[in-house]
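Engineer: A single structure is presented below for examination.
The values are calculated or read from the model by the stated rules, or taken from the named source; none is laboratory data. All values reported here derive from a predicted model rather than from experimental measurement. Here Cβ is always computed from backbone atoms with ideal geometry, including for glycine, and neighbour counts include all displayed protein chains.
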Amino acid sequence: MAVASLKPGYAGPTRDRVDNFHGAQLVYVHWEEHLNFCAAITLPLPADTPFDALAGEILPSLYAADPDWADVDLGAARWMLDGRDWSPEPGRSIGEQGVGHKSLIRFWTAPAGNA
Amino acid sequence: MSRPVSITLQNSQDGIAIADAIMADNPEAERKPFPAMTKIDCPGRLVIRGESVSDLLGREWDPQEIHMSVISLSGSVDEDDGSFTLFWR
Amino acid sequence: MAARKLSLKQKYGHFTRGLDWEPSYQKKEDIFPFASYEGIKVHDWDAWEDPFKLTMDAYWKFQAEKERKLYAVIDSMAQNNGQLGITDARYLNAVKIFIQGVTPLEYQAHRHFAHLARHLPGAGLRVAAQMQSIDELRHCQTQIHTISHYNKYFDGIHDFTHMHDRLWYLSVPKSFFDDATSAGPFEFLTAISFAFEYVLTNLLFVPFMSGAAYNGDMATVTFGFSAQSDESRHMTLGLEAVRFLLEQDEANVPIVQGWIDKWFWRGYRLLSLVGMMMDYMLPKKVMSWSEAWESYYEEAGGALFADLARYGIREPKYAEVAKAEKGHVSHQVWSIFYNYAQAAAVHTWDVDDQHLAWLREKYPDTFEQTYQPRYLAWRKQAEEGQRFYNNGLPMLCQVCQIPMAFTEVGDPGTISFRVSEHAGDKYHTCSDGCKDIFDHEPEKYVQAWLPVHQIFQGNCGGATLPEVLDWYHINQGADNLDYVGSPEEAQWNKWMEGRRPAMPIAAE
């Protein structure tokens, strides 16, 4: 529904257009069931970021502060991308696998000792 | 209790006199103490008479002086020369 | 023959209606260009009954007296080192939230009521708006004066206006008011005068002012009372203005209902920061957020909306969600401020056993199960010298701009994620309440200046945290990080040590 405005056709700048991020996209990541990290985390990542870099470097840099992280096997994690089940492939970039500007990635890691 | 109106007053010298006057002039009013404040609830309608407060304070008190003592109120307001009234329409 | 004295009502009538006029050579719609675009219909402005009959001479007299009384207390507090009377220096973090978050809103209100004082077609409403504009400026000024004393000794207060416009948690109150002031006059009246200053006002006033009283902050109590006497005029304006609109035309009812739904939700989300303050930052606590919500919204609001039902108005749309969340939101917001203490101009700290016991008592259904384990784990990390700070920047709600730490009703382990699409882009919100607001007017909210996104656009001083904190004007190592280890903790402990006598006073 259009905003009520003094003049018809009111519009203003879209502040978070992807062009404003100097080659990056915004990607949100959330380690489920670990609300010591109070909310999902916002990352500026180029679309050609390899999934390996996300899983191998970026997520550890964010979450290793949690003692549980030492036991995490991301290979066995359950993933969702933008509300749908997702099976990320390590060898490809995130952009190739459907991660777009302002995509939300949620992941569940099994407790230690479980499948 | 039919829907109460209420007024919350500072526990200043004036505020306490206003609260006392309200209790005297409004038989169904209930008074609740809080730190530094007094809250008075009354079903339907509450009247603050300038004359009653003046008598208690020992000086001429104009109902518009309520602005110096009120913290909060609930209800529609009617200000007149000798009184200040809270009510629900 | 003795001169006849005008009655209060006559005097006031001459001052308002008597000075108004019907334009004869300009069109009313050109003089009042904001009056109709929201779709609100007013047929008879004369039907507006001014509840208060304050003429300007009386206004100046009473306001000047309030100022004299207040400044005497401010002077006395400064002369007598009143800051030594607070329960603990942790309390000051509530005052910092206030000066950084609330005081600039008083200034926004001042500006916008001045705008309404010009643009509302009814003379009585214009008078009320003009007085409110001056009231709000007075509130802004008196808060600054009162809190300036604390600025001499404590951190985080020194640059509140600069911080209000930039810091990630301060965009929450700022965007709340920006939303209201960029709306039309009738939405503003519903949003601020009615929803904020009438329906929700006690949830702002009681936590801060009673919190001040319980924690020895006499100056803030005095400022609070000084302002509240003006608030009774403001809240009455809000209630009467909404009734007036509802009575003027049936077509206004669904428009006003939509605004009540929106602004109840926006106000409720904003107040979650106050809930955090009252459950965590007050060494001596007034009541819990949950108790405050029950008392000041569920009971009081229930009666109000029962009354407005005669106009066809119902309770705000997500009132049941707010009720369901009352055992959670304050802890979730504290977790945000604990996570990001390195980037905030207020301190947080680990919760001690006495405080944990109070939280368990006040939140028997939620605290021990969901939040205590997290706090104990953090405390353990801090004791091991690894106080936890979140390395990543949070995901923010596009509408309320709070980091998305709120969880699904009935499932406190799952963050509440909502998403909308507009013009090919995704927009994330924290709740059905915020999503509805986005979906109703997306052209507004796509313009939001979200602090985290702005950092990543390179608009906030640089790519590293120290550069961004510099841009925020945060004094690093003083304004931010944990209370434990802060300069003001050291100063406070030294003062308290200094108050203990060097030798025994009385015989053993």
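Engineer: Within segment C:10-54, can you find the residues that are within 14 Å of chain B (Cβ to nearest Cβ), outside any loop (DSSP other than H, G, I, E, B), of a type outside the set (Val, Ile, Thr) and surrounded by 14 or more Cβ atoms within 10 Å (Cβ to Cβ)? Please lay out each step first, then the result.
Structural biologist: Of the residues in segment C:10-54, the ones within 14 Å of chain B (Cβ to nearest Cβ) are C:10-13, C:15-16, C:47-54.
Within this subset, residues satisfying the condition of being outside any loop (DSSP other than H, G, I, E, B) are C:10-13, C:15-16, C:47.
Imposing the further condition that a residue be of a type outside the set (Val, Ile, Thr) reduces the set to C:10-13, C:15, C:47.
Of everything in segment C:10-54, those that are within 14 Å of chain B (Cβ to nearest Cβ), outside any loop (DSSP other than H, G, I, E, B), of a type outside the set (Val, Ile, Thr) and surrounded by 14 or more Cβ atoms within 10 Å (Cβ to Cβ) turn out to be C:10, C:11, C:12, C:13, C:15.
Engineer: Among the residues of segment C:402-417 satisfying the criterion of being facing chain A (nearest Cβ under 10 Å) and assigned to a strand (DSSP E or B), which is surrounded by the fewest Cβ atoms within 10 Å (Cβ to Cβ)? Even if it seems obvious, please write down each step before you answer.
Structural biologist: If we filter segment C:402-417 for residues that are facing chain A (nearest Cβ under 10 Å), which is where we start, we get C:402-407, C:412-415, C:417.
Keeping just the survivors that are assigned to a strand (DSSP E or B) gives C:403, C:407, C:412-415.
Working: C:403: 30, C:407: 19, C:412: 19, C:413: 11, C:414: 13, C:415: 21.
The qualifying residue surrounded by the fewest Cβ atoms within 10 Å (Cβ to Cβ) is C:413.
Engineer: What are the pairs with Cβ atoms under 6 angstrom where one residue, in segment C:448-474, is within 14 Å of another protein chain (Cβ to nearest Cβ) and the other, located anywhere, is assigned to a loop (DSSP other than H, G, I, E, B) and of a type in the set (Phe, Trp, Tyr)? Sequence gap at least six, or different chains.
Structural biologist: Between residues of segment C:448-474 that are within 14 Å of another protein chain (Cβ to nearest Cβ) and residues that are assigned to a loop (DSSP other than H, G, I, E, B) and of a type in the set (Phe, Trp, Tyr), the close pairs are C:451/C:168.
Engineer: Go through segment C:418-436 and give me each residue that's more than 11 Å from every other protein chain (Cβ to nearest Cβ), surrounded by 20 or more Cβ atoms within 10 Å (Cβ to Cβ) and not in a strand (DSSP E or B).
Structural biologist: Once the filter is applied, which keeps residues that are more than 11 Å from every other protein chain (Cβ to nearest Cβ), surrounded by 20 or more Cβ atoms within 10 Å (Cβ to Cβ) and not in a strand (DSSP E or B), segment C:418-436 yields C:431, C:433, C:434, C:435.
Engineer: Can I ask one more? Buried (at least 18 other Cβ atoms within 10 Å of the Cβ) and within 30 Å of residue B:69 (Cα to Cα), is that true of residue C:59? If you could, list the steps in order and put the result at the bottom.
Structural biologist: Working: buried (at least 18 other Cβ atoms within 10 Å of the Cβ): yes; within 30 Å of residue B:69 (Cα to Cα): yes.
Judged against the criteria, residue C:59 is a match.
Engineer: Just to verify a result, which residue in segment A:7-53, among those that are assigned to a helix (DSSP H, G or I) and under 19 Å from residue A:74 (Cα atoms), is nearest to the other protein chains (Cβ to nearest Cβ)? Steps first, answer last, please.
Structural biologist: If we filter segment A:7-53 for residues that are assigned to a helix (DSSP H, G or I), which is where we start, we get A:18-21, A:51-53.
Okay, now just the ones that are also under 19 Å from residue A:74 (Cα atoms), so A:51-53.
Values: A:51: 18, A:52: 19, A:53: 15 Å.
Checked segment A:7-53; the qualifying residue nearest to the other protein chains (Cβ to nearest Cβ) is A:53.
Engineer: Whether any residue in segment C:62-85 is surrounded by 15 or more Cβ atoms within 10 Å (Cβ to Cβ), closer than 24 Å to residue C:124 by Cβ, out of contact with any strand residue (DSSP E or B) (no Cβ under 9 Å at 6 or more places or on another chain) and not hydrophobic (A, V, I, L, M, F, W, C) is what I want to check.
Structural biologist: yes
Conditions tested, residue by residue: (1) more than 14 Å from the chain's Cα centre (by Cα); (2) in a helix (DSSP H, G or I); (3) away from chain B (no Cβ under 11 Å); (4) farther than 24 Å from residue C:261 by Cβ.
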site: C:190; (1), (2), (3), (4): yes, yes, yes, no
site: C:193; (1), (2), (3), (4): no, yes, yes, no
site: C:196; (1), (2), (3), (4): no, yes, yes, no
site: C:205; (1), (2), (3), (4): no, yes, no, no
site: C:212; (1), (2), (3), (4): yes, yes, no, yes
site: C:224; (1), (2), (3), (4): no, yes, no, yes
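Engineer: Report the residue count in segment B:25-50 for those that are surrounded by 14 or more Cβ atoms within 10 Å (Cβ to Cβ) and not in a strand (DSSP E or B).
Structural biologist: 6
Engineer: At pLDDT 95 or above, within 11 Å of chain C (Cβ to nearest Cβ), under 29 Å from residue C:132 (Cβ atoms) and in contact with a helix residue (DSSP H, G or I) (Cβ under 8 Å, 6 or more places away or on another chain): which single residue out of B:72, B:83, B:76 fits that description? Talk me through it step by step, then tell me what you get.
Structural biologist: Working: B:72 fails: at pLDDT 95 or above; B:76 fails: at pLDDT 95 or above.
That would be B:83, the only listed residue that is at pLDDT 95 or above, within 11 Å of chain C (Cβ to nearest Cβ), under 29 Å from residue C:132 (Cβ atoms) and in contact with a helix residue (DSSP H, G or I) (Cβ under 8 Å, 6 or more places away or on another chain).
Engineer: For segment A:77-115, give me each residue that is at pLDDT below 95 and either in a strand (DSSP E or B) or away from chain C (no Cβ under 14 Å) (or both). Don't jump to the end; show me each part of the working.
Structural biologist: Of segment A:77-115, the ones at pLDDT below 95 are A:90-91, A:110-115.
If the condition is that a residue be at pLDDT below 95 and either in a strand (DSSP E or B) or away from chain C (no Cβ under 14 Å) (or both), then A:90, A:91, A:110, A:112, A:113, A:114, A:115 are the ones that fit.
Engineer: Residue C:78 is checked against (1) at pLDDT below 95; (2) more than 30 Å from residue C:162 (Cα to Cα) and fails just one. What number does that condition carry?
Structural biologist: Against the list (1) at pLDDT below 95; (2) more than 30 Å from residue C:162 (Cα to Cα), residue C:78 comes up short only on (2).
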